[in-house]
Amino acid sequence: SEIFSLALSRLVQADEHRLMKRIGRLGQWLQQRVALSHSLDFQNDVMPALRTRLVRLLGCQSFAYSDANALYRSPGAPSAEAIKVIAGFFRRWSREHGRPVLMTSNIQGYGLQLSAADARKVAGVVALGGSGNQPLLLLFRSPSTQPTTWAGDPDHRVERAPGSDRLDPRSSFEVFVQEHRGDSNPWPTYISRVALELRDALKQAHWIHRSRLDARELERSHHHLVQAKEEMRHAAMHDALTGLANRRSLKEYFRDAIPNRSDQASPLAFLHLDLDGFKLVNDTFGHDIGDQLLVEVSEILREVVRQSDLIVRLGGDEFAILTCHAEDRAALEGLARRLITRLARPHLISEKVCRIGVSIGI
């Protein structure tokens with residue numbers, strides 16, 4: 001008996017050692033999968049693949065993992081409501097008994113009320129952790145019919161052979177099979193240690209996942225902050241109606257860009273434009289038509305001048321053009337004449353014909 005007991009103990013220890021090594025490799029796989037995941041979806045990217053491996057390793061049909069922030073359920077797991085009931089019972093049970101692990105083949109035997117659909121998914125449960133800030137790991141096995149072979153008389157009868165004081169082994173040690181319905185396969189004795197290793201692996205993988213999410217959120221917030229600053233700066237330096245640079249932008253150009261120009265840079269020319277007849281358009285057709293006309297004028301300026309030139313709306317009906325192509329005086333006068341000719345054409349704004357002119361000083 002001692003020899004067989006020792007041999008069985010060594011077999012169990014060897015099985016536990018192999019399983020712990022496989023769980024360790026599974027933890028490494030978990031961390032790599034989370035670290036390389038593009039979707040950053042722990043529920044849909046990690047849980048199904050992990051469940052397939054745990055079915056082979058531990059023989060559990062499903063599992064659940066939760067911390068203070070979220071609950072993750074593998075495919076085939078009981079409903080979130082059932083998991084909440086089981087988790088709440090386990091925490092109470094753990095406090096009362098001072099034990100961090102619960103292993104059972106029939107969770108409903110503790111008086112828990114589960115729906116019929118959930119009862120078909122869970123009978124055996126291993127619950128680990130969950131106290132304080134510790135995450136909770138739940139392993140589930142579905143119910144099955146379990147045969148148990150017994151040697152003995154199920155009715156506890158004792159019979160003696162006729163004319164003998166000795167017991168008859170054939171009548172007092174009969175073999176019979178008892179069936180248990182609603183329980184799951186029993187868990188191995190070392191499952192709590194294996195579950196602890198698995199829980200820690202999940203905890204580490206989930207920490208990596210949360211860190212990546214936080215880093216992505218921080219990066220997104222930084223991007224939004226930079227974008228908001230750029231939008232604020234753009235709004236501060238550009239005219240809201242036409243989108244052209246405003247007077248402040250021109251002042252900064254004079255303050256910063258011009259002093260830093262090299263001596264070999266081309267000379268600058270400044271064209272000051274004042275629309276003629278614009279007030280009459282405003283008074284006749286209203287400010288909405290006037291605003292649309294200003295937008296059309298800004299588009300005409302963009303079409304006529306070079307892309308490298310700075311176009312500014314100084315305010316009201318005043319515009320300016322700052323160009324670095326000022327070597328040729330005739331070219332500048334030609335630019336001014338093209339602008340005068342182009343802006344003198346009638347402008348059709350909302351079925352209203354608007355006529356304006358422009359005066360340009362160089």
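The values are calculated or read from the model by the stated rules, or taken from the named source; none is laboratory data. Every value quoted in this text rests on a predicted model; they were computed, and no experiment measured them. Cβ coordinates were reconstructed from backbone atoms using ideal geometry, including for glycine residues, and neighbour counts include every protein chain displayed. Just so you know, the surface numbers come from the protein's heavy atoms only, side chains and all, with ligands and any DNA or RNA stripped out. Shrake-Rupley method; radii C 1.70, N 1.55, O 1.52, S 1.80 Å.
Before moving on, here are some points about what is shown:
- Accessible area expressed per residue, the chain, with surrounding protein chains retained (probe 1.4 Å, Å²): 61
- Sequence-distant residues sharing a close amide H with residue 354 (under 5 Å, placed H): 347, 348, 349
- Relative contact order (percent, whole number), region 84-127, Cα cutoff 8 Å, 6+ residue spacing: 45
- Surface share of carbon and sulfur [accessible, 1.4 angstrom probe, percent] for region 43-97: 48
- Nearest-ten-degree value, helix 329-344 long axis tilted from longest Cα axis of the chain: 80
- For region 1-147: rounded, prolate or oblate by the Cα gyration tensor [a/c cutoff 1.5]: oblate
- Proximal lysines relative to residue 121, as straight alpha-carbon distance under 19 Å, when same-chain residues fewer than 8 apart are discounted: 84
- Highest-MSF residue in the chain out of 218, 26, 322 [GNM, Cα springs under 10 Å]: 322
- Residue 45 versus residue 353: modelled label distance in nm, points set 7 Å from Cα along the beta carbon direction: 6.5
- Inter-label distance, nm, simple model (7 Å from Cα along the C-beta direction), residue 151/residue 276: 12.3
- Only Cα pairs under 8 Å and 6+ residues apart enter the sum, and on that basis the relative contact order of the chain stands at 13 percent.
- Note: relative contact order over region 253-362, using C-alpha pairs below 8 Å and six or more positions apart, is 39 percent.
- Using the Karplus relation 6.51 cos²θ - 1.76 cosθ + 1.60 with θ = phi - 60°, the per-residue 3J(HN,Hα) values for region 273-283 come to 10, 10, 6, 9, x, 5, 4, 5, 4, 4, 5 Hz, with x marking Gly and Pro.
- Linear extension gain, residue 214 paired with residue 32, 0.36 nm per residue minus alpha-carbon span: 63.7 nm
- Extended-chain gain in nm, criterion 0.36 nm per residue less alpha-carbon gap, residue 25 and residue 260: 78.4 nm
- Over the chain: helical MRE at 222 nm, DSSP H runs n ≥ 4 each giving -39500 (n - 2.57), nearest 500: -15500 deg cm²/dmol
- A Cβ-based charge dipole, computed about the Cα centre of region 14-136 with Lys and Arg at +1 and Asp and Glu at -1, lands at about 280 debye.
- Exposure rule at most 11 other beta-carbon atoms within 10 Å, DSSP loop GluC sites (Glu not before Pro): the chain longest free segment: 160-326
- In this structure the amide hydrogen of residue 245, modeled in the peptide plane, comes within under 5 Å of the amide hydrogens of 239, 311, 313, none closer than 5 places in sequence on its chain.
- D_trans [Stokes-Einstein, Kirkwood Rh over alpha-carbon pairs] for the chain, 20 °C, 1.002 mPa s, µm² s⁻¹: 74
- Phi angles of region 184-195 translate, via the Karplus equation with coefficients 6.51, -1.76, 1.60 and θ = phi - 60°, into HN-Hα couplings of 9, 4, x, 7, x, 5, 8, 4, 5, 5, 5, 5 Hz per residue; Gly and Pro are given as x.
- Trypsin sites (Lys or Arg not before Pro) restricted to DSSP loop in region 253-362 with at most 14 other C-beta within 10 Å: 261, 306, 355
- Applied to region 14-29, the Karplus parametrisation 6.51 cos²θ - 1.76 cosθ + 1.60 on θ = phi - 60° returns per-residue 3J(HN,Hα) values of 5, 5, 5, 4, 4, 5, 5, 5, 5, 5, x, 5, 5, x, 5, 4 Hz, with x for Gly and Pro.
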